[in-house]
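Comments concern the structure below.
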Amino acid sequence: MPEPAKCRYTKTHEWVYLDARSAVVGVTEHAQHEIGDVVFVDLPKAGRAVTQGEAVAVVESVKAAFDIYAPLSGTVEASNPALAADPAAVNRSATDQGWLYKLTSVDAAQLAALLTLAQYEEFLKTAA
Amino acid sequence: MTSAAALRTTPLHQIQKEAGARFVDFHGWSLPVQFSGIIKEHQAVRGACGLFDVSHMGQVWVTGKDALALVQKTNANDAAKFKPGQSMYSHMLNERGGVVDDVIVTVFGPERFFVVVNASNIETDVAWLRRQAAGLDCAVDDQSAGTAMVALQGPAAKEVIGAVCPEAAALKRMGGLEARLFGEPCVVTRTGYTGEDGFEVVAPNAVIPRVWQTLIVRGGSFGLLPCGLGARDTLRLEAGLLLHGNDVDADHTTLETGYDWVAKLDKPDFIGKAALQAQKKAGLTRRLTGLKLLERGVPRPGCKVYADGAEAGVLCSATYSPTLETGIGVYYAAAPFPPPGRALEVEIHGRRFPAATAPLPFYKSLSRS
């Protein structure tokens, strides 16, 4: 499980964790709570090139659909195969088993410009 | 859209806020969409019981010498067949057979009828009833503003209702009674909008918090959960119950909704009867039809439906069904009507999902027999 302090965050409530070979993307604990019971997740296919800020995934609750934006530009390496059968993992484990997809060929400068945990927590307070 | 400041709240708003409710704007009201989670609440109602605040709904008394005449004139169902203490689901129709509103009328005597109407239609319905009452000796008394309402729904509801109204547990399905709860005049009916057994309690605004709290406390050991509009919608759609404004309106008739049993065409007369007879004779050109997704996905109202690649309709209501664990929805299919199991596609976010027509209701409870 990625340590929260080692992740970077967006104002649209995604987290990114750079592991040895790719950037793992998911939604934050705050986001999963706001979304409610997740019943369907539409994820990007491997090989797709995405641009920072682009809506690339959809997380759906009983009540509504939520766009999930690419926190970084890059190429989709894989999406979480477990979510097709178990979308509720996004609620149970937003920052671990509920990860959405992985990106390769990301730009370190783009990553460094995202919010740190402290900045994201501050943003949540001011946005509330 | 109404601004947040102008939203109306029910007498239960504060209690619900403290219980962790999340609120949404519903026809100018701020109402709880969920407490603990839509799926959990939905399952509580199917397996135990749930408590809903439906205070936004309207309550209208029709009383007087010609009260029955007005009820008969304005309803497709036949109130003359219902005895005091019985509730009737009905459609109020316009001259074209279109559904002005779907209502529950409880008979309390030859000159006393209690009509529960949809929140968004209160003004329309009251104006309609008053207009039709011209020349009749009866009163149309809109009690909506001073009256609140809760729905206790689920197989365990009959064990819980006694906490506020012991005599209600003896009501039959679609039965109703007047009682004093906490010293105030109230109406309790064995009705609901979830497809499960259950009760609806109508009480003055000042009393409803005590009704709510008492049911919450008594229901705790039965697994009762406070429930919001989110679960209310998934429960009613599974049960094939209409949502006026989405599934039916003044431009769609009772026959087109598939609720043929509501329209008693053998009744002497009612507004819209001639139109329904003519429609029946000519044959329906469209009918509300159920569909299920065959692949995981969540259909929404407004999604387009395709048959053999051609557009075949638009979803009126649609959601994820927690009981069936698949997407469900209803749309108006054109004649000739597709048999159950006919292959369709539903377009969601630009992608077509395989679907098939399905008989209504999607779900039938064992607790209601």
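The values are calculated or read from the model by the stated rules, or taken from the named source; none is laboratory data. These numbers come from a predicted model, not from an experiment. Cβ coordinates were reconstructed from backbone atoms using ideal geometry, including for glycine residues, and neighbour counts include every protein chain displayed.
Tell me, which residue of region A:7-38 that is within 14 Å of chain B (Cβ to nearest Cβ) and outside any helix (DSSP H, G or I) is surrounded by the fewest Cβ atoms within 10 Å (Cβ to Cβ)?
Filtering first and then ranking leaves A:G36.
Only one residue in A:G74, A:G98 is within 27 Å of B:I39 (Cβ to Cβ) and either in contact (Cβ under 8 Å) with a residue 24 or more places away in the chain or exposed (fewer than 15 other Cβ atoms within 10 Å of the Cβ) (or both), so which one is that? Talk me through it step by step, then tell me what you get.
On the way: A:G74 fails: within 27 Å of B:I39 (Cβ to Cβ).
Checking each option against the conditions leaves just A:G98.
Condition check ((1) away from every other protein chain (no Cβ under 14 Å); (2) in contact with a helix residue (DSSP H, G or I) (Cβ under 8 Å, 6 or more places away or on another chain); (3) over 25 Å from B:C186 (Cα atoms); (4) without any contact (Cβ under 8 Å) to a residue 40 or more places away in the chain) across all residues:
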| position | (1), (2), (3), (4) |
| --- | --- |
| B:A6 | yes, no, yes, yes |
| B:S30 | yes, yes, no, yes |
| B:G37 | no, no, yes, yes |
| B:F52 | yes, yes, no, no |
| B:V62 | yes, yes, no, no |
| B:V71 | yes, yes, no, no |
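Can you name every residue in region B:338-369 that is in a loop (DSSP other than H, G, I, E, B), surrounded by 14 or more Cβ atoms within 10 Å (Cβ to Cβ) and more than 23 Å from the chain's Cα centre (by Cα)?
B:P338, B:R342, B:H349
Any idea which residue in region B:39-50 is farthest from the other protein chains (Cβ to nearest Cβ), counting only those that are closer than 30 Å to B:V107 by Cα and outside any strand (DSSP E or B)?
Among residues in region B:39-50 that are closer than 30 Å to B:V107 by Cα and outside any strand (DSSP E or B), the one farthest from the other protein chains (Cβ to nearest Cβ) is B:C49.
Of everything in region B:166-185, what is of a type in the set (A, V, I, L, M, F, W, C) and surrounded by fewer than 22 Cβ atoms within 10 Å (Cβ to Cβ)? Give them in sequence order. Lay out the reasoning, then the answer.
Taking region B:166-185 first, the residues of a type in the set (A, V, I, L, M, F, W, C) are B:168-171, B:174, B:177, B:179, B:181-182.
Scanning region B:166-185 gives B:A169, B:A170, B:L171, B:M174, B:L177, B:A179, B:L181, B:F182.
Against the definition (over 16 Å from B:N246 (Cβ atoms), assigned to a strand (DSSP E or B) and hydroxyl-bearing (S, T, Y)), how does B:Y331 come out, yes or no?
For B:Y331, the condition - over 16 Å from B:N246 (Cβ atoms), assigned to a strand (DSSP E or B) and hydroxyl-bearing (S, T, Y) - is not met.
Checking A:V56 against (1) in contact with a Ser or Thr (Cβ under 9 Å, 6 or more places away or on another chain); (2) crowded, with 19+ Cβ neighbours inside 10 Å; (3) of a type outside the set (G, A, S); (4) in a strand (DSSP E or B), which test does it fail?
Unmet condition: (1).
Pull up region B:20-72, narrow it to residues that are among the basic types (K, R) and touching a Leu at 6+ places or on another chain (Cβ under 8 Å), then point me to the one that is surrounded by the most Cβ atoms within 10 Å (Cβ to Cβ).
Taking the candidates together, the pick is B:R46.
Out of all the residues in region B:122-144, is one or more within 21 Å of B:G228 (Cα to Cα), assigned to a loop (DSSP other than H, G, I, E, B) and of a type in the set (G, A, S)?
no
I'd like to know if region B:263-274 contains one or more residues that are under 19 Å from the mean Cα position of the chain (by Cα) and either over 25 Å from B:T124 (Cα atoms) or not basic (K, R) (or both).
yes
Name the residue, out of B:T357, B:T323, B:T285, that is among the polar types (S, T, N, Q) and in contact with a His (Cβ under 8 Å, 6 or more places away or on another chain).
Sole residue among the options that is among the polar types (S, T, N, Q) and in contact with a His (Cβ under 8 Å, 6 or more places away or on another chain): B:T323.
Hey, among B:V202, B:V211, B:V248, which residue is outside the structural domain of B:T147 (by TED's automatic domain parsing) and touching a residue at least 60 places away in the same chain (Cβ under 8 Å)?
On the way: B:V202 fails: outside the structural domain of B:T147 (by TED's automatic domain parsing); B:V211 fails: outside the structural domain of B:T147 (by TED's automatic domain parsing).
On inspection, the qualifying residue turns out to be B:V248.
For region B:309-356, name all the residues that are out of contact with any helix residue (DSSP H, G or I) (no Cβ under 8 Å at 6 or more places or on another chain), among the aromatic types (F, W, Y) and touching a residue at least 60 places away in the same chain (Cβ under 8 Å).
B:F353
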